[in-house]
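Take a look at the structure set out below.
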Amino acid sequence: MFDADINREDTIIRRAEERGHADHGWLKSAHSFSFAGYHDPDWMGFGPLRVINDDQVAGGAGFPMHPHADFEIFSYVLEGKLEHKDSMGNGSVVKAGGVQYMTAGTGVRHSEFNPDTENPVKFLQIWMVPEESGAKPGYQTLDIPPAEKDGKLRLFISKDGREGSIKTLAPAEVYAAHMTEGQETRFTLPEGRKAYIHLAEGSAQVNGERLWRGDAIALSAPGEVTLSGGEEAEVLLFDLKA
């Protein structure tokens with residue numbers, strides 16, 4: 001199901017315009033991996049990473065209650081506000097810079113709406129495959145202060161929940177960074193792991209390769225990853241089990 005021919009080389013560039021696109025009026029979405037009516041056998045996923053949807057939801061609109069099971073699902077809010085309600089009784093509104101995280105496990109229903117009737121909400125919705133099925137469903141939120149990711153990688157999802165991160169059942173660790181001119185940060189990808197770096201906003205260089213909003217780079221070999229040349233760049237780095 002996962003990877004298909006994605007690992008033809010150690011480094012694959014995924015340009016924003018190559019993604020699948022959908023326009024439902026109230027929802028505009030770009031799909032980094034095969035999703036719904038968009039299917040590309042070369043982009044079925046990358047390790048446990050299964051979905052990155054770059055969503056914009058119009059004011060007052062949203063996704064009504066619908067079910068999920070056996071996925072780790074989180075939304076990374078880029079602009080505006082996102083309201084969550086679920087069958088576990090949880091409810092919250094997450095603003096830009098915030099994360100809402102759900103372990104679907106044995107099954108849960110949830111909705112996501114834009115509570116602002118005038119302005120859109122922009123966010124990344126991301127699904128990862130857990131290492132175990134049938135887990136107890138759960139929900140968490142996390143606000144990431146700008147200073148904690150300014151010119152550096154801030155761990156916000158991990159297997160062990162260290163450094164104040166959200167604990168996940170997926171074999172993954174996820175970092176966020178905001179990079180501007182003159183800043184540089186490095187990450188060492190160990191053996192047995194691979195990385196997917198997604199430019200959520202702005203522009204930056206990853207190992208000298210210039211990426212713009214919606215672009216991504218998939219790395220399948222261990223070694224050092226360098227982020228530099230940021231132009232108001234919001235970067236997500238996924239450290240994934242190979």
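The values are calculated or read from the model by the stated rules, or taken from the named source; none is laboratory data. Just so we're clear, the structure is a prediction, and the values are computed from it rather than from any experiment. We place every Cβ from the backbone using ideal geometry, glycine too, and count neighbours over all the protein chains shown.
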For the range 22-40, the count of residues that are assigned to a strand (DSSP E or B), of a type outside the set (D, E, K, R) and farther than 10 Å from ALA58 by Cα equals 6
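Would you mention how many residues in the range 149-159 are crowded, with 17+ Cβ neighbours inside 10 Å and more than 23 Å from ALA242 (Cα to Cα)? Steps first, please.
Keep residues of the range 149-159 that are crowded, with 17+ Cβ neighbours inside 10 Å, which gives 149, 152-158.
Then drop every residue that is not more than 23 Å from ALA242 (Cα to Cα), which leaves 149, 152.
Adding up the residues that qualify gives 2.
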If we keep only residues of the range 184-242 that are of a type in the set (D, E, K, R), farther than 21 Å from ARG50 by Cα and outside any strand (DSSP E or B), then the residue modelled with the highest pLDDT is GLU184
Please state which of the following conditions THR106 fails to meet, knowing it meets all the rest: (1) among the hydroxyl-bearing types (Ser, Thr, Tyr); (2) part of a loop (DSSP other than H, G, I, E, B); (3) within 25 Å of HIS31 (Cα to Cα).
(3)
Would you pick out the residues in the range 35-50 that are within 17 Å of ASP215 (Cα to Cα) and surrounded by fewer than 19 Cβ atoms within 10 Å (Cβ to Cβ)?
ASP40, ASP42, MET44
